[in-house]
1. Work out the charge dipole of the range 12-149 with +1 on the Cβ of Lys and Arg and -1 on the Cβ of Asp and Glu about the Cα centre, then indicate which of Thr148, Ala78, Leu64 is farthest towards its positive end.
2. From the phi angles alone, apply the Karplus equation (6.51, -1.76, 1.60; θ = phi - 60°) to the range 17-23 and give each ³J(HN,Hα) in whole Hz, x where the residue is Gly or Pro.
3. Expressed as a whole number of Å, what is the distance separating the alpha-carbon centroids of the range 4-19 and the range 60-83?
4. Have a look at the range 31-131 and give its Rg and Dmax from the Cα atoms, expressed in angstrom.
5. With θ set to phi - 60° and the Karplus curve 6.51 cos²θ - 1.76 cosθ + 1.60, what are the ³J(HN,Hα) couplings of the range 31-40 in order, to the nearest whole Hz, using x for Gly and Pro?
6. To the nearest 20 debye, what is the magnitude of the charge dipole of the range 1-146 about its Cα centre, counting +1 on the Cβ of each Lys and Arg and -1 on the Cβ of each Asp and Glu?
7. Just to confirm my numbers, what's the Cα centroid distance between the range 21-52 and the range 111-137 in Å?
8. Angle, helix 96-105 long axis vs. longest principal axis of the chain, Cα atoms, 0 to 90°, nearest 10?
Amino acid sequence: MITGIHHFALTVSEIDRSLAFYTGLFGLEVLSDREVQGDYVEKITGIPGAHSRLVHLAGYGQRLELLQYKNPRGEVRARPLQDAGSAHVCFITDDLDAEVARLQAANVTFRSLPVVTTSGPNKGGRGIYIEDPDGNAVEVVQLAPGVTV
């Protein structure tokens, strides 16, 4: 029986750059940082010759794993959002305007400026999409009044 979700993972091209992004801009903390090669990583992923660096981050009651494949190297840019297999992370803020200003000051790439949600469970809330260093989408939302997580 499934009892929970352990983590969400993103594959990145340069893990140190991604670590700076997620720890520096979003306050996630490093739980573990290791390299694995061959052995179980090759077996569990089904990737012959797999050699990767894995960093587990934690924050806000969640875990995010960053993976950099040193071998075999893959694409260096994330898939577009509309492609199957693409993913994004969503952070919650209590002041979207302040977050926009902070992220603009950090020269983050924006996909959108604040947009009001017009349907769904967060109707009346607001959000933005930005990009991490690999082009993975990162959503930041301010929940509508009365909406809880």
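1. Ala78
2. With the stated coefficients, the range 17-23 comes to 5, 5, 4, 4, 5, 6, 7 Hz.
3. 6 Å
4. Reported Rg and Dmax, both Å: 17.6, 50.
5. 9, 7, 8, 8, 10, 10, 9, x, 6, 5
6. 240 debye
7. The range 21-52 and the range 111-137 have Cα centres separated by 28 Å.
8. The helix 96-105 is inclined about 50 degrees to the chain.
Where a number appears in this text, it was derived from the coordinates with a stated rule and is not lab data. Treat the numbers as computed from the prediction; the structure is a model and nothing was measured. Neighbour counts run over all protein chains shown; Cβ positions are idealised from the backbone, glycine included.
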